[in-house]
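Once you've had a glance at the structure underneath, I'll fire off some questions.
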Amino acid sequence: MIDAITELRDAGLARIAAAQTSAELEQLRIALLGRKAELPNLLRGVAELPPEQRGPVGRAANEARGALEAALETAGARIAAAELEARLLSDRIDITLPADPLPRPGRLHLLTQVRREIEDVFIGLGFRIEEGPEIESVYFNFDALNHDPTHPARLESDTFYLSELPGAPEEMAGRLLLRTHTSPMQVRAMLATPPPIAIIVPGRVYRRDSDVTHTPQFHQIEGLVVAEDITLADLKGTLLAFSRAIFGPDREIRLRPHFFPFTEPSVEVDVSCFNCDHGRLADDSRCPLCKGTTWIEILGAGMVDPNVLGHVTANGYDPERHQGFAFGMGIERIAMLKHGIGDLRLLYDNDLRFLEQF
Ligand code: PHE
């Protein structure tokens, strides 16, 4: 009897020592010590043994059960540690691996791309980039730019005025607005930099307009060159270089007389159409871009009016000695022409199907 117990114990200890997983160990615990296992059965049978055997057999069986329980516990700890180690190794996150799915690279909005493209052209021509405030004074937006007191752009129906601006001096009431063009920076820049000056000014502008071809907020790029001996030919050469860089090397430009309060003479500038042959498409239909005229209007420009220089004489600008040219273009317009976009609102809808094409 005692031999059988010793055998059960030794066999059990060997199987426990060989166990590799906690599941295996649990099976062993049930097989060796569970209700249907042999050793507990033996213990239950001790009562039926002759009295002189009960003591030794009972002791041996208890001792064997204790040994198995201790071995199960030790093995349990060993296996748990090994399993934890294995899990830590396999669960290690490799942060150098690319995310899945690979995130698609982003891109700049078309308006930003076109703005930068235009900036690059003018930087190549020797211009500096300046930026100015979007909240502007009536003085810089209109007065210093030679606008007649009755000029229609001054009307509240055309321009966003700021009724009150926290912290602004009282005398500014009704004198602050959202700039309607980037031209106020002409005067601000000349007050900050003595002649000669060659700058472009990209930025947001605001007008009380909203329809298919107008949004209340849009973007312009202003250009200003003032020095001695600047002529209309410099304006034309500069804008020809710009037009060829943006719209293709075969472009021509033409100047048409126009009016702006702060340039004299003033012109509108057209670029030769890059979409058609003499106003006709391949199927002989009328070109929709130039409407068959072979010319596309791209911007307003002119020679800086001496009256504007009169506002910056304190910084060395002499209307008798200095001349200059200025121009202003809409970035949206350039982008739409260049990429054949028919609806201005597409630029602001943020529909990825549209934006991802550029
Ligand atoms: N500021 C004018 C506009 O917004 C454009 C312009 C700029 C014209 C500079 C002439 C010179 O329409």
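The values are calculated or read from the model by the stated rules, or taken from the named source; none is laboratory data. All values reported here derive from a predicted model rather than from experimental measurement. Note that we place each Cβ from the backbone using ideal geometry, even for glycine, and neighbour counts take in every protein chain shown. Accessible surface areas use protein heavy atoms only, side chains included; no ligands, DNA or RNA. Shrake-Rupley method; radii C 1.70, N 1.55, O 1.52, S 1.80 Å.
From the list 272, 266, 285, pick out the single residue that is without any contact (Cβ under 8 Å) to a residue 40 or more places away in the chain and closer than 20 Å to residue 180 by Cα.
Just a single option satisfies the conditions, and that option is 266.
For residue 266, state whether it is out of contact with any Phe, Trp or Tyr (no Cβ under 6 Å at 6 or more places or on another chain) and either in the same structural domain as residue 323 (by TED's automatic domain parsing) or modelled with pLDDT of 95 or more (or both).
No; evaluated as a whole, the condition is false for this residue.
Out of 344, 309, I need the residue that is modelled with pLDDT of 95 or more, open to solvent by less than 20 Å² (accessible area, probe 1.4 Å) and farther than 17 Å from residue 242 by Cα. Which one?
On the way: 344 fails: modelled with pLDDT of 95 or more.
Of 344, 309, the one residue that is modelled with pLDDT of 95 or more, open to solvent by less than 20 Å² (accessible area, probe 1.4 Å) and farther than 17 Å from residue 242 by Cα is 309.
Of all residues in the range 177-211, how many are outside any strand (DSSP E or B), more than 11 Å from the ligand (Cβ to nearest atom) and open to solvent by less than 10 Å² (accessible area, probe 1.4 Å)?
3
In addition: Could you tell me whether any residue of the range 225-238 is in a strand (DSSP E or B) and either within 16 Å of the ligand (Cβ to nearest atom) or buried (at least 20 other Cβ atoms within 10 Å of the Cβ) (or both)?
Yes: one or more hits.
Which residues, taken from the range 254-275, are over 35 Å from the mean Cα position of the chain (by Cα) and of a type in the set (A, V, I, L, M, F, W, C)?
Across the range 254-275, the qualifying residues are 255, 259, 260, 262, 267.
Look at residue 214 and say whether it is within 14 Å of the ligand (Cβ to nearest atom) and either under 22 Å from residue 127 (Cα atoms) or in contact with an Asp or Glu (Cβ under 9 Å, 6 or more places away or on another chain) (or both).
Against the criterion (within 14 Å of the ligand (Cβ to nearest atom) and either under 22 Å from residue 127 (Cα atoms) or in contact with an Asp or Glu (Cβ under 9 Å, 6 or more places away or on another chain) (or both)), residue 214 does not qualify.
Give the residue, chosen from 97, 145, 68, 102, that is outside the structural domain of residue 224 (by TED's automatic domain parsing) and surrounded by 12 or more Cβ atoms within 10 Å (Cβ to Cβ).
Details: 97 fails: surrounded by 12 or more Cβ atoms within 10 Å (Cβ to Cβ); 145 fails: outside the structural domain of residue 224 (by TED's automatic domain parsing); 102 fails: surrounded by 12 or more Cβ atoms within 10 Å (Cβ to Cβ).
Testing whether each residue is outside the structural domain of residue 224 (by TED's automatic domain parsing) and surrounded by 12 or more Cβ atoms within 10 Å (Cβ to Cβ) leaves just 68.
While we're looking at this one, here's another question. If we keep just the residues of the range 320-352 that are farther than 23 Å from residue 223 by Cβ and of a type in the set (A, V, I, L, M), which is nearest to the ligand (Cβ to nearest atom)?
Step by step, filter the range 320-352, then rank; the result is 341.
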